[in-house]
Amino acid sequence: MLIAHISDLHARPKGALAYGVSETNLYAEHAVHSLLRLDPAPDCVLITGDLTDCGLDEEYDVVAGLLARLPCPVYAVPGNHDRREPFRRAFAQQAYLPEAGPLNFAVSCGDVRIIGLDSLVAGQSHGALEPDTISFLERSLAAEPNAPALVMLHHPPFDTGIAHMDRTRLLTGADELKRIVSANPQVHRILCGHVHRSIQQMFGGTLCQIAPSVGHQVMLDLRDDGPSCFVLEPAGFLLHRFAHGEFVTHLSAVERAPGPFPFILPDDYPGHRSAA
Ligand SMILES: [Fe+2]
Ligand SMILES: [Fe+2]
């Protein structure tokens, strides 16, 4: 079982750049190509929010067109840059999303339960889990207590040390999330986005992982007064492999790198045991 996890596409209308610099549509296309090259292929793809930059229908058209190239199911939660109703409209043909209310869902991918939580607060950058969403999580976990589960939401529930991002993390519902996850050891991961970097912390007794963006990355700046900036570091995504009842997670670069090169040592390789 292989679950690919991409985040923060920030698609723009065709021809437009994010913040005048970031070619997010091109980067998202590269990410889809990268997913299509995977061998073995993923069984499903998760997206932890910010599919679009401004929640515009034209932006969702771009995303929906790209994701349609993937032969496996795709499950997405909204981020603060998304808008709930255009998001719902864009993926209306995907049966996993509810027709009204928060965009919460619970689906199965093989033996794994995937629970998506809507942390979007309309018009705000920070995240919140409303009481309906908290009770949805509790009900979903109680329904299949023995199934290994992944919980996904856009806003991370912990401070990363990147101050300007921490101010817009999950500000409401983090304590309830911790309580519920602590009481449900079948939760193997909490998967987030929003921070545009690969970051991990233990949370409620499980591993909480923030995926990098497939586009631009937030600058690594741990000063308390660090400015809100992004950089065009190599983009990436996470691959969660489930085998023998456990998950192991790999970080993969989106772009192709030189290689592969076989580990061949010629006999005259300095330091090699068989060298004269
Ligand atoms: Fe984002
Ligand atoms: Fe975000």
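The values are calculated or read from the model by the stated rules, or taken from the named source; none is laboratory data. Source: prediction; values computed, not measured. Note: ideal-geometry Cβ built from the backbone for every residue, glycine included; neighbour counts use all protein chains shown. Ligands, DNA and RNA are excluded from the accessible area calculation, which covers all protein heavy atoms including side chains. Shrake-Rupley method; radii C 1.70, N 1.55, O 1.52, S 1.80 Å.
Distance between the pseudo-spin-label points of residue 207 and residue 61 (7 Å out from Cα toward the beta carbon): 4.1 nm.
For Cα pairs less than 8 Å apart in space and 6+ apart in sequence, what is the mean separation divided by the residue count of region 69-211, i.e. the relative contact order in percent?
Working: 268 pairs, mean separation 28.4, N = 143.
In percent, rounded to a whole number, it is 20.
FRET efficiency for the pair residue 198 and residue 243, taken as 1/(1 + (r/R0)^6) with r the Cβ-Cβ distance and R0 = 30 Å, rounds to 0.90. Taken about its Cα centre, region 87-166 carries a charge dipole of roughly 240 debye when the Cβ of each Lys and Arg holds +1 and the Cβ of each Asp and Glu holds -1. Farthest towards the positive end of the charge dipole of region 2-253, among the residues 112, 180, 54, is the Cα of 112, using unit charges on the Cβ of Lys, Arg, Asp and Glu. Place a point 7 Å from the Cα of residue 19 along the Cα-to-Cβ direction; which residues of region 224-250 have their backbone N under 15 Å from it? Only 226-235 pass the distance filter. Shown here are the Rg and Dmax of the Cα trace of region 1-147, at 15.3, 48 Å. Residue farthest toward the positive end of the dipole of region 2-253, with Cβ of Lys/Arg at +1 and Asp/Glu at -1: which of 15, 133, 44? Towards the positive end, the residue furthest out is 44. Largest mean-square fluctuation among 231, 187, 214, in a Gaussian network model of the chain whose springs join Cα atoms under 10 Å apart, belongs to 231.
Under the Kirkwood approximation applied to all pairs of distinct alpha-carbon atoms, what is the hydrodynamic radius of region 161-276 in Å?
Values: mean 1/r = 0.0573 Å⁻¹.
Final number for the Kirkwood radius of region 161-276 is 17.5 Å.
Each peptide in 168-176, 248-256 gets a packing score, the mean of other Cβ atoms within 10 Å over its residues, and the list from highest to lowest is 168-176, 248-256. Stretching residue 124 away from residue 138 to a fully extended chain increases their span by 2.5 nm, per 0.36 nm per residue minus the current alpha-carbon distance.
Direction-averaged shadow area of the convex hull around the Cα atoms of region 2-253, nm²?
Values: hull surface 48.7 nm².
With the hull built on Cα positions only, its mean projection is 12.2 nm².
Let me have the relative contact order for the chain, percent, based on Cα pairs under 8 Å that are six or more residues apart. Walk me through the intermediate numbers first.
On the way: 627 pairs, mean separation 49.7, N = 276.
About 18 percent, as a whole number.
For the chain, the dipole from Cβ point charges (+1 on Lys and Arg, -1 on Asp and Glu) about the Cα centre works out to 300 debye, to the nearest 20. Between residue 38 and residue 172, the C-beta separation translates, for a Förster distance of 25 Å, into a calculated FRET efficiency of about 0.10. DSSP bridge analysis restricted to region 2-253 gives an antiparallel fraction near 55%, rounded to the nearest 5. For a modelled paramagnetic label at residue 255, 7 Å from Cα along Cα-to-Cβ, the residues of region 183-225 in reach, with backbone nitrogen under 19 Å, are 196-198, 212-220.
For region 2-253, what % of the accessible area comes from carbon and sulfur atoms, probe 1.4 Å?
Values: 5420 of 10590 Å².
That share works out to 51 percent.
Between residue 268 and residue 108, the modelled labels are 6.2 nm apart [label points 7 Å from Cα along Cα→Cβ].
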